[in-house]
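Chemist: Following this message is one structure expressed as structure tokens.
The values are calculated or read from the model by the stated rules, or taken from the named source; none is laboratory data. All values derive from a computational prediction rather than experimental measurement. Glycine also receives a Cβ, built like all others from the backbone with ideal geometry; neighbour counts cover every protein chain displayed.
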């Protein structure tokens, strides 16, 4: 019986070890080049990606508001602007073979269908909550963009004149 427990424990640990190697911290992935990061993420199974997202969420939850804000600003600064992203996406699309393009279209259609099925399965309350969440995201993003582009000293509502 003792040997069975040890075997079971060893098997359980053996299944967890590969997952722990994949669940890197946000800072480790941040140091990778975009191509390496993309290849790394695509090489992972869905369960491994899920475990990584949960670990990242836990790390973000442990950060202070200032750390979280600094991290988001750093991530935003490291991203190319929309025009560069669009051009890179167009180049990747043009470099694809017809088979790859067809596969990408199918994948996009499958994701769209999954979103539609999820939406159709929601109750009215869940739909209202989802709409509110998206509205908040849009407004939050607009507020951040306005603050980033406002000249110093302007745009603050609590200034004294």
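Chemist: Answer yes or no as to whether residue 161 is more than 30 Å from residue 28 (Cβ to Cβ), at pLDDT 90 or above and surrounded by fewer than 11 Cβ atoms within 10 Å (Cβ to Cβ). Give the steps one after another, and end with the answer.
Modeler: Values: more than 30 Å from residue 28 (Cβ to Cβ): yes; at pLDDT 90 or above: no; surrounded by fewer than 11 Cβ atoms within 10 Å (Cβ to Cβ): yes.
Taking the combined requirement at face value, the residue does not satisfy it.
Chemist: Quick one: how many residues across the stretch 55-73 are without any contact (Cβ under 8 Å) to a residue 12 or more places away in the chain and in a helix (DSSP H, G or I)?
Modeler: So in the stretch 55-73, the residues without any contact (Cβ under 8 Å) to a residue 12 or more places away in the chain come out as 57-58, 61-70, 72-73.
Now narrow it down to the ones that are in a helix (DSSP H, G or I): 57-58, 61-62, 65-70, 72-73.
Matching residues across the stretch 55-73 total 12.
Chemist: Mind listing whichever residues of the stretch 118-132 are in a helix (DSSP H, G or I) and surrounded by 10 or more Cβ atoms within 10 Å (Cβ to Cβ)?
Modeler: Step one: filter the stretch 118-132 for residues in a helix (DSSP H, G or I), giving 118-121, 124-132.
Once the filter is applied, which keeps residues that are in a helix (DSSP H, G or I) and surrounded by 10 or more Cβ atoms within 10 Å (Cβ to Cβ), the stretch 118-132 yields 118, 119, 126, 127, 128, 129, 130, 131, 132.
Chemist: Moving on. Would you call residue 89 loosely packed, with under 11 Cβ neighbours inside 10 Å and assigned to a helix (DSSP H, G or I)?
Modeler: Values: loosely packed, with under 11 Cβ neighbours inside 10 Å: yes; assigned to a helix (DSSP H, G or I): yes.
Here the answer is yes, as residue 89 does meet what is asked.
Chemist: Residues in the stretch 92-109 that are loosely packed, with under 10 Cβ neighbours inside 10 Å and either touching a residue at least 12 places away in the same chain (Cβ under 8 Å) or part of a helix (DSSP H, G or I) (or both): how many? I'd like the intermediate steps shown before the answer.
Modeler: Going through the stretch 92-109, the residues loosely packed, with under 10 Cβ neighbours inside 10 Å turn out to be 94-95, 97-99.
Restricting the remaining residues to those that are either touching a residue at least 12 places away in the same chain (Cβ under 8 Å) or part of a helix (DSSP H, G or I) (or both) gives 94-95, 98-99.
Result for the stretch 92-109: 4.
Chemist: Given the options 83, 141, 153, name the one that is at pLDDT below 80, loosely packed, with under 10 Cβ neighbours inside 10 Å, out of contact with any helix residue (DSSP H, G or I) (no Cβ under 6 Å at 6 or more places or on another chain) and in a helix (DSSP H, G or I). Walk me through it before giving the result.
Modeler: Details: 141 fails: loosely packed, with under 10 Cβ neighbours inside 10 Å; 153 fails: in a helix (DSSP H, G or I).
Answer to the check: 83.
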